[in-house]
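The values are calculated or read from the model by the stated rules, or taken from the named source; none is laboratory data. Everything numeric in this text was worked out from a predicted model, so none of it was measured. Note that we place each Cβ from the backbone using ideal geometry, even for glycine, and neighbour counts take in every protein chain shown.
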Amino acid sequence: MKITLINDLSGFGNCSLTAAIPVLSALKHETHPFPTAILSNQTAYESYYMVDCTGHFENFVNEWRKIGEKTDCVYLGFTPSKIMPQKAAALAEEYGAKFLFDPVLGDDGELYKCFDTSFIQAYREVLPKADFLTPNLTECCLLCGEDFNSILCTENAETLTDKISDLAEKLQKNGAKNVIVTGVKFQNRLFNVCALESGRFVIECRYRAKAYSGTGDLFASVFLGYALKGEKYENAVKKAGDFVSECIAYSMKQNIPGVHGVDFFPFLKNL
């Protein structure tokens with residue numbers, strides 16, 4: 001399938017387009033990128049330089065229309081523009097394409113420094129257009145208007161995943177067809193919590209003790225690649241979680257710093 005990738009391009013840090021293009025290509029999909037921003041390195045580093053490219057989106061799309069190109073899926077990740085989700089959703093609607101929205105907003109209970117709270121409402125407005133929504137727990141809480149620390153305040157994993165399943169269903173009731181809350185950590189366990197059209201699922205994957213940037217991009221790309229090939233969505237979640245876990249384990253053995261992102265290239269042949 002043809003997938004329009006709307007995400008940033010970072011010179012350092014295996015994330016965003018650098019992750020999505022090879023993963024989706026390995027899964028036999030065509031990838032057609034639009035860089036929302038070009039960065040010297042991804043934003044988890046202490047400093048970075050960024051060029052906002054979102055003002056050029058309409059020119060790109062107009063040229064694609066002129067040459068008769070279409071898309072089967074639009075995949076939106078990081079964008080420095082709060083209106084970009086609406087534009088991405090409109091492109092998907094124009095071509096009757098699927099729309100995966102990875103609502104990049106923050107982590108560890110906080111907004112990223114490059115965003116303000118106005119982005120949250122802008123992202124909420126796009127939820128009814130999303131076939132797939134892949135927030136982390138912070139982003140899920142922000143979109144639901146829930147307190148991150150209160151959600152985490154629990155004594156066991158089952159209670160936590162029940163709470164998060166309820167949040168995922170809330171996002172589903174707000175319009176998103178399939179919601180996957182990614183990378184939920186509890187003690188030495190890791191879960192992906194899903195509210196799918198086929199039901200609620202809590203899918204555990206192997207916990208790794210080190211955090212790496214860009215793993216959300218990697219997860220969403222593997223999931224989407226399998227989902228578009230006809231895999232059951234819950235199976236696609238399992239495969240994506242296992243792939244990311246394997247890449248993290250390898251990167252830990254190579255002593256790769258977390259900010260650099262994982263080295264996933266040796267494992268593309270396994271997709």
Next on the checklist: Against the definition (among the polar types (S, T, N, Q) and closer than 21 Å to residue 115 by Cβ), how does residue 159 come out, yes or no?
Outcome noted: no
Checklist outcome for this item: Counted residues in the stretch 218-243 being assigned to a loop (DSSP other than H, G, I, E, B) and either touching a strand residue (DSSP E or B) at 6+ places or on another chain (Cβ under 7 Å) or in contact (Cβ under 8 Å) with a residue 12 or more places away in the chain (or both) come to 3
Item to check | the stretch 5-17 - residue that is in a strand (DSSP E or B) and of a type outside the set (A, V, I, L, M, F, W, C) and, of those, nearest to the chain's Cα centre (by Cα) | outcome: 7
Checklist entry - What single numbered condition from (1) in contact (Cβ under 8 Å) with a residue 60 or more places away in the chain; (2) in contact with a Phe, Trp or Tyr (Cβ under 8 Å, 6 or more places away or on another chain); (3) among the acidic types (Asp, Glu) fails to hold for residue 246? => result (1)
Checklist entry - How many residues are surrounded by 10 or more Cβ atoms within 10 Å (Cβ to Cβ) and either of a type in the set (Lys, Arg) or farther than 18 Å from residue 1 by Cα (or both) when one looks only at the stretch 63-72? => result 3
Checklist entry - With respect to residue 60, is the statement that it is among the aromatic types (Phe, Trp, Tyr) and touching a Phe, Trp or Tyr at 6+ places or on another chain (Cβ under 7 Å) true? => result yes
Checklist entry - Regarding residue 107, is this residue under 18 Å from the mean Cα position of the chain (by Cα), surrounded by fewer than 20 Cβ atoms within 10 Å (Cβ to Cβ) and over 21 Å from residue 175 (Cα atoms)? => result yes
Item to check | Leading residue by the ranking (surrounded by the most Cβ atoms within 10 Å (Cβ to Cβ)) among those in the stretch 32-62 that are β-branched (Val, Ile, Thr) and under 15 Å from residue 88 (Cβ atoms) | outcome: 36
Next on the checklist: Cβ-Cβ under 6 Å, sequence separation 6+ or interchain: first residue in the stretch 159-180 and over 20 Å from residue 216 (Cα atoms), partner among the hydrophobic types (A, V, I, L, M, F, W, C) and in a helix (DSSP H, G or I). Which pairs?
Outcome noted: 163/151; 170/144; 174/127; 175/127
Checklist outcome for this item: A careful count of residues in the stretch 18-60 that are of a type outside the set (A, V, I, L, M) and not in a loop (DSSP other than H, G, I, E, B) gives 18
Next on the checklist: Looking at the stretch 41-91 only, could you name the residues that are of a type in the set (Asp, Glu) and touching a residue at least 40 places away in the same chain (Cβ under 8 Å)?
Outcome noted: 69, 72
Next on the checklist: Give me the residue from the stretch 244-261 that is small (Gly, Ala, Ser) and assigned to a helix (DSSP H, G or I) and, out of that set, surrounded by the most Cβ atoms within 10 Å (Cβ to Cβ).
Outcome noted: 251
Checklist entry - Out of the stretch 78-108, which residues are of a type outside the set (Phe, Trp, Tyr), modelled with pLDDT of 95 or more and assigned to a loop (DSSP other than H, G, I, E, B)? => result 79, 80, 81, 82, 83, 96, 97, 102, 103, 104, 105
